[in-house]
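Input: a single structure, listed below in structure tokens.
What follows draws every value from the coordinates through simple rules; no lab data is involved. What you are looking at is a predicted structure, and each value in this text was computed from that prediction instead of being measured. With ideal geometry, Cβ positions are generated from the backbone for all residues, glycine too; neighbour counts draw on all protein chains shown.
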Amino acid sequence: MKREIYQVAFPVTLVVVMVAFLSTIFLANANLSFAASDNKNSSAVARISAVDHAEARIKQLQVALNITDAQKPLWNNLTQVMRENAEEMDALTKDMRENTMTMNAVERMKFHNQISESRLIQQTKFLPVFEALYASMSDAQKKTTDTIFQNGFKGEHKRK
């Protein structure tokens, strides 16, 4: 009985941790950090859109995970959700950028609440497609995925 519970609880926990990590990677700094700057003098730090960030992550993941032809439909579903989530986040940050100077404290709190709700919805959309892709992976792909989700893209996921 305990083994059956473990067999269900462990994969569910793993997926939840992965979704949290992915959302951190893709959706962190949802305020102005992903917003593309129209004003070249506004900041010394280059800003990148959520869409551009998601595209870069998609390319990194595809190379690191060695997605097979059989996995392409599942991969395409995952990348579509990632792109849709990024587009939605860009739209929210654009709204923030356009209205930031006129927002009062209550409006800012409501806006950040909207971002949090949006993130939750995005994670809810992301989880099933990620879970389906993960289930289709070989043990080697799963190991690489687990390492990436644990360490990020810092070179710790070296392939052997």
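Looking only at segment 81-107, count how many residues are within 23 Å of Gln123 (Cβ to Cβ) and either touching a strand residue (DSSP E or B) at 6+ places or on another chain (Cβ under 6 Å) or free of Cβ contacts under 8 Å to residues at least 60 places away in the same chain (or both).
Going through segment 81-107 one residue at a time, the tally reaches 11.
Take the residues in segment 69-80 that are out of contact with any Leu (no Cβ under 8 Å at 6 or more places or on another chain) and without any contact (Cβ under 8 Å) to a residue 60 or more places away in the chain, then tell me which one is surrounded by the fewest Cβ atoms within 10 Å (Cβ to Cβ).
Applying the filter and picking the extreme gives Asp69.
Tally the residues that are more than 23 Å from Phe111 (Cα to Cα) and either in a loop (DSSP other than H, G, I, E, B) or of a type in the set (Val, Ile, Thr) (or both), restricting the search to segment 48-62.
1
Please work out which one of (1) exposed (fewer than 15 other Cβ atoms within 10 Å of the Cβ); (2) in contact with a Lys or Arg (Cβ under 7 Å, 6 or more places away or on another chain) is the condition Lys110 fails and give its number.
All conditions pass for Lys110, except number (2).
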